[in-house]
Amino acid sequence: MMNSDHMQGLFWTTSRQGLSLVERPRVPSYRVGEPLIAGRSRWPVGVQYSFGVEGHQLTLFASTIHPRIVEDVRLGDAEFALVGGSPVFLLAYRLGATAEWNAVPFGWHLQHPESRAVPASHPSPENRALLWISLVGANDGIIHAQRGVALSPAFTRTLHRAIQNQATALFNPLDCMLALSEILRDEPSLSRRIDAANVRTMANA
């Protein structure tokens, strides 16, 4: 069963550069023990997946930082699935051997306009995207755990294609909001949808 607290993630974290074609994402500029954004110490509890000039990022905002979740983020088994496509898809994930699946929606047109980016088409079929996972205290704004994981080539191609398709499609706000509402309303079936997802991967596999 999904944790509904983790079916969030469309709040904006920052304003960065304008629209760009991302070929080689930079390493995130923030580190464990530092604030996610200088001067901000409070965040909504939830999860955000974003793609921009610093690449793919999955950020977990938790009100209580348990040692177990710190360990899961730092070292636990990580599995991912992609559900849906346009205008909104779900990035499903579980961190830790006994963890339940959670998911976060992504809509390219719903991201902050100044942070939107499109993944470049890569000539190598073996290209692997790097996903940075960060655990942030919702009550202190501090990064408590962080690591980068490599996604499989097949998952990378499907994820990049989904983002590219969203970015190049005409934006219909009503269709986007209806798709998001359907995803949130249909939460009890999400575990079954993840089981049926045609693209899944273990990190670093």
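Results, tabulated for the structure shown:
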| quantity | calculated |
| --- | --- |
| Ordering of 131-144, 64-77 by packing [mean C-beta count within 10 Å, highest first] | 131-144, 64-77 |
| Segment Ser41-Glu100, extension gain: residue separation times 0.36 nm, minus the distance between their alpha carbons | 18.4 nm |
| Segment 125-205, accessible area per residue, ligands and nucleic acids excluded (1.4 Å, Å²) | 50 |
| Spin-label pair Ala197/Ile142, simplified geometry with 7 Å Cα→Cβ offset, distance in nm | 3.2 |
| Spin-label pair Arg74/Phe171, simplified geometry with 7 Å Cα→Cβ offset, distance in nm | 4.0 |
| Accessible area of Ser191 in the full protein assembly, 1.4 Å probe (Å², nearest 10) | 30 |
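The values are calculated or read from the model by the stated rules, or taken from the named source; none is laboratory data. Quick caveat, the model's predicted, so the values are computed rather than measured. Heads up, the Cβs are rebuilt from the backbone with ideal geometry, glycines too, and the neighbour counts pull from every protein chain shown. Areas reflect the complete protein model, heavy atoms only, side chains present, ligands, DNA and RNA absent. Shrake-Rupley method; radii C 1.70, N 1.55, O 1.52, S 1.80 Å.
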